[in-house]
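Following: one structure in structure tokens, then a few remarks.
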Amino acid sequence: MEQPSLSDLSSGLPAPDEICPIRPPRSGDPCPRCGQGKLDYNGLLELECTVCGYRYNNGACT
């Protein structure tokens, strides 16, 4: 019996974005609260909206 190739095995799998379409926000992303501002890092290593002040802290310890 012939072994299937790696491309044969992966051809039926969904793309990574289809598996988990939600990703944490990144610097430069639009604000999830107001949609007007862009997220950027502040002095506390949190992503902060430049318009409404929304802050996202991913739980990192320093």
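Read-outs: derived from the displayed coordinates by stated rules, not from any lab. This is a predicted model, so every value here is computed, not measured. Note that each Cβ is placed from the backbone with ideal geometry, even for glycine, and that neighbours are counted across all protein chains shown.
Points worth noting:
- 3J(HN,Hα) couplings calculated from phi for segment 31-36 with the Karplus curve 6.51 cos²θ - 1.76 cosθ + 1.60 (θ = phi - 60°) are, in sequence order, 5, x, 7, 9, x, 9 Hz; Gly and Pro show x.
- Highest to lowest packing among 23-35, 44-56, scored as the average C-beta count within 10 Å: 44-56, 23-35
- Counted residue by residue at 0.36 nm each, then reduced by the alpha carbon distance between them, the extension gain from Cys52 to Gln36 reaches 4.9 nm.
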